[in-house]
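This report concerns only the one structure given below.
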């Protein structure tokens, strides 16, 4: 699944995005060449086109737990459309003004680009998130919101899990509704994740009014390590389902360019959770889901800091079966098929 948001016009960002999109299509092709799911648990429907419209809210926030301080991005509700057909998924979304009257209109634009692949036995997520413009809604004291249009958070990374009983659990059924989960199942997960994060501003990151003991204007972070957890799906009958997963991550992390002690490596804990609840019928579907990731960054002296990424969605689905002529034409140009050769 490839999801686009609002675009920032930075040239360097543009080059990064071109590389990121090419990587997504390449992975989509490679991963499409997989053996099938256990047909007693999952019914695949690659020749059914799943049309969707949705409302979502994505965010990547900066949180300092030790100080109970949270920077929230200038994001809001997105209105989107998309489709899944022949194992290829594309979603496009934008934040319409009438749904986001509380957003800061003069803040920079941002981009939240994600790729999610669900071949048999695997869950693979790519992240390319470029946020600029943050605020503390309640302010740093009683009064107006604390605005930081200069604050820039970049996060790129990979999250991968192996599903030991992956032939019996279909995330495409829960996420895209492009398959049907027939029976309930549960499985352990084991994987690896790696992230690069950069935080930068035109002035010090932590508000000087709070007299912090430690501060910085720019810092680079690297976090990598294994993760483990569980995934399960519950089929409630007549098309209703509930699917969820949770993993914990033990990461080795370092920081540099912060003006503080850098280059040292420390261990930290992080979490990743997914939840999907809905109805997946032969013609219509509805889905409410939430994906959340806590990425603990390298602490600076007594500070603890995290990047928190989330995505809420409400999705309406309509399924059609295109003509043979359309199916044949689409198959010739399907990126999953082209790159999978």
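The numbers here are math on the coordinates, done by the rules we state, and not lab data. Bear in mind the structure is a predicted one, so any value in this text is a computation, not a measurement. As a convention, Cβ positions derive from the backbone with ideal geometry for all residues, glycine included, and neighbour counts pool all protein chains shown.
Across 10 Å bins from 0, what is the distribution of all Cα-Cα pair distances for the stretch 31-136, in whole percents?
Percent of Cα pairs in each bin: 12, 33, 28, 18, 10, 0.
Going by the alpha-carbon gyration tensor, a ≥ b ≥ c the square roots of its eigenvalues, is the stretch 2-340 rounded (a/c under 1.5) or, if a/c is not under 1.5, prolate (a/b greater than b/c) versus oblate? Provide the component values of the computation, followed by the final result.
Numbers: a/c = 1.96, a/b = 1.66, b/c = 1.18.
Because a/c hits 1.5 or more and a/b exceeds b/c, the stretch 2-340 counts as prolate.
Projected area of the stretch 215-341, taken from the Cα convex hull and averaged over every viewing direction, in nm²? Write down the numbers at each step before the final one.
Values: hull surface 49.6 nm².
Convex hull of Cα atoms, orientation-averaged projection: 12.4 nm².
Using the alpha-carbon atoms, what tilt in degrees (0 to 90, nearest 10) does helix 324-333 show relative to the longest principal axis of the chain?
Tilt relative to the chain: about 40 degrees.
In nm, to one decimal, how far is the residue 104 label point from the residue 328 one, both placed 7 Å along Cα→Cβ?
5.6 nm
Compare 264, 161, 227 in a GNM of the chain, Cα atoms joined below 10 Å, and give the one with the largest fluctuation.
Most flexible of the set in this elastic network: 264.
Any idea what angle helix 11-32 forms with the longest principal axis of the chain, computed on alpha-carbon atoms, 0 to 90 degrees, nearest 10?
30 degrees
Debye sum, Cα scatterers, the stretch 271-341, no solvent: what log₁₀ I/I(0) at q = 0.12, 0.20, 0.22, 0.25 1/Å?
-0.65, -0.93, -0.96, -1.00
Could you work out which residue, out of 254, 39, 323, moves most in a Gaussian network model of the chain, that is, has the largest mean-square fluctuation with Cα springs under 10 Å?
It is 323.
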